[in-house]
Amino acid sequence: MLIMKRYVLILVAMGAFYYSCTKMAPENAAQPGPINCNPQFPDQNVTYHNYVKNIVARNCTITCHKGGNTLGPGNFTTYAGIRSYAETSFFFRVITDQADMPQGKAPLPKSTRDSLNIWLKNCSPEGTM
């Protein structure tokens, strides 16, 4: 009986984990992407390599967005991998007050989301390593 309870608990935990990385928030196509982008905060040096990469590594790629057969879509371990999402769903899934990422956790702190928003509004620069 004890083994059966453990088995059920493990299945429930796995199901919850899977669901937390696959639930999708609605996207809004009205968010402008960086096509013909003019940086809105040119004095702010928020780039992929000096800021975004570390935030994404701590919150997105540990469990879900590593590419390959991971639970979350996309490979956020590289600039190119996250860049395509920066132009589409990243704003709504991560930055807004209704953000649902990281899945199964509280939204990122407002100050972190604000800095990520500066990165997007500055045309998602890669920066130097």
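The values are calculated or read from the model by the stated rules, or taken from the named source; none is laboratory data. Values in this document were obtained by computation on a predicted structure and should not be read as measured data. We place every Cβ from the backbone using ideal geometry, glycine too, and count neighbours over all the protein chains shown.
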- Message: On the basis of being closer than 21 Å to Trp119 by Cα, β-branched (Val, Ile, Thr) and at pLDDT 90 or above, does Thr47 make the cut?
- Response: yes
- Which of the residues belonging to region 100-115 are surrounded by fewer than 17 Cβ atoms within 10 Å (Cβ to Cβ), of a type in the set (Lys, Arg) and under 13 Å from the mean Cα position of the chain (by Cα)? Lys105
- Query: Does region 117-128 include one or more residues that are of a type in the set (A, V, I, L, M, F, W, C) and within 12 Å of the chain's Cα centre (by Cα)?
  - Reply: no
- Item | Selected residue [surrounded by 15 or more Cβ atoms within 10 Å (Cβ to Cβ) and either part of a helix (DSSP H, G or I) or modelled with pLDDT under 85 (or both)] from Ile55, Ile35 | Ile55
- Query: Applying the selection to region 83-123, what residues are part of a loop (DSSP other than H, G, I, E, B), of a type in the set (D, E, K, R) and closer than 19 Å to Gly72 by Cβ?
  - Reply: Glu87, Asp100, Lys105
- Query: Taking region 88-99 as the search range and keeping residues that are crowded, with 17+ Cβ neighbours inside 10 Å and in contact with a helix residue (DSSP H, G or I) (Cβ under 9 Å, 6 or more places away or on another chain), which one is farthest from Pro39 (Cα to Cα)?
  - Reply: Ala99
